[in-house]
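A.B. asks: Structure provided below as structure tokens; questions to follow.
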């Protein structure tokens, strides 16, 4: 990636981030589209040997491109009737699902809780040539005023139980009456069943599981599709 080809604003953001992190771009091809993701080049230097499934309180989830995020990107880009529809990615991290959704036709808002995370996403969107993406600081404990969206999506966002109730409130605030929520998580995420037990009071929940091998190890990703009970949201999304 030739940084000189970035718009001036995103080039300035990149140069600011480079003062703190070693940076690289990944190319992620989802169907017919390819997006570029700005990421930290040496995760080992940043993460050490921390286990994201053992100590969720200190692990910086946003720095890693998760298998669940890649699978969610595929799911979103296969939703029919994407043009002109709106999508909000929650806890986006590197933003792969949201960027892939934008490349496939959705009007996307990517959100997270720190400006630095949004800066990575801004550079990635510019490097991917996407003009239909906006960015939003979103604290689930104090959600800002936003319009309702056709689709809400999130990958690996259910890792702290104290945020379950605030997240459900975010769903109620930002989902259109007949909108659809897509969540993707590693099957090892122990908090997922606990969250779904809370969510099923308000939502009908469908479950699919994708199993495959990666680097000789089995991977199992669970994708949940949620629609409000009685909403009739079982249509084109």
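A.B. asks: Need the full-extension length gain, residue 194 to residue 148, defined as separation in residues times 0.36 nm minus the C-alpha distance. One decimal, nm.
C.D. replies: Details: separation 46, 0.36 × 46 = 16.56 nm, distance 2.59 nm.
This chain segment gains 14.0 nm when fully extended.
A.B. asks: Cα convex hull of the range 65-144: mean projected area in nm², to one decimal? The partial results should precede the final answer.
C.D. replies: Working: hull surface 20.4 nm².
Averaging across all directions leaves 5.1 nm² for the Cα convex hull.
A.B. asks: Next question. How tilted is helix 115-127 with respect to the longest principal axis of the chain? Cα atoms for both, answer in degrees (0 to 90, nearest 10).
C.D. replies: So the helix axis and the longest Cα principal axis differ by about 80 degrees.
A.B. asks: In the calculated pair distance distribution of the range 110-178, what percentage of Cα-Cα distances lie above 14 Å?
C.D. replies: 65 percent
A.B. asks: Would you calculate, for the chain, the mean residue ellipticity at 222 nm contributed by helices, counting each DSSP H stretch of 4 or more residues as -39,500 (n - 2.57) and dividing by all residues, to the nearest 500?
C.D. replies: Numbers: 7 runs with 68 residues, N = 237.
Helix-only estimate at 222 nm: -8500 deg cm²/dmol.
A.B. asks: Follow-up question, since we're still on this one. Pairs of alpha-carbon atoms within less than 8 angstrom and 6+ residues apart define the contacts here; what relative contact order does the range 3-228 have, in percent? Walk me through the numbers on the way to the answer.
C.D. replies: Working: 417 pairs, mean separation 39.1, N = 226.
Relative contact order comes out at 17 percent.
A.B. asks: Right, something else. Any chance you could give the angle, 0 to 90 degrees and rounded to 10, that helix 67-77 forms with the longest Cα principal axis of the chain?
C.D. replies: 70 degrees
A.B. asks: So for the pair residue 178, residue 132, with labels modelled 7 Å out along Cα→Cβ, what separation do we get in nm?
C.D. replies: Roughly 2.1 nm, to one decimal.
A.B. asks: Taking square-rooted eigenvalues a ≥ b ≥ c of the alpha carbon gyration tensor, is the range 154-228 rounded, prolate or oblate, where a/c under 1.5 means rounded and, failing that, a/b exceeding b/c means prolate? Mind showing how you got there, number by number?
C.D. replies: Details: a/c = 2.44, a/b = 1.74, b/c = 1.40.
Since a/c reaches 1.5 and a/b is larger than b/c, the shape of the range 154-228 is classed as prolate.
A.B. asks: What is the angle, in °, between the Cα long axis of helix 164-174 and the longest principal axis of the Cα atoms in the chain? Nearest 10 is fine, range 0 to 90.
C.D. replies: Approximately 90 degrees, to the nearest ten.
A.B. asks: Moving to a separate point now. Only bridges with both residues in the range 3-228 count here: give the DSSP antiparallel percent, nearest 5.
C.D. replies: 60 percent
A.B. asks: On to the next question. Taking only Cα atoms of the range 3-228, what ratio of Rg to Rh do you get with Rh as the Kirkwood inverse-distance radius? Walk me through the numbers on the way to the answer.
C.D. replies: Values: Rg = 16.8 Å, Rh = 17.8 Å.
So for the range 3-228, dividing Rg by the Kirkwood Rh gives 0.94.
A.B. asks: By how many nm would the segment from residue 8 to residue 212 grow when fully extended, if each residue of separation counts as 0.36 nm and the alpha-carbon distance is taken off? Intermediate values should be presented prior to the final figure.
C.D. replies: Values: separation 204, 0.36 × 204 = 73.44 nm, distance 4.12 nm.
Length difference between fully extended and current span is 69.3 nm.
Values in this text are rule-based calculations from the coordinates and carry no lab data. Predicted model, so just to flag it, every value in this text is computed and none were measured. All Cβ positions, even for glycine, are placed from backbone atoms using ideal geometry, and neighbour counts span all protein chains on display.
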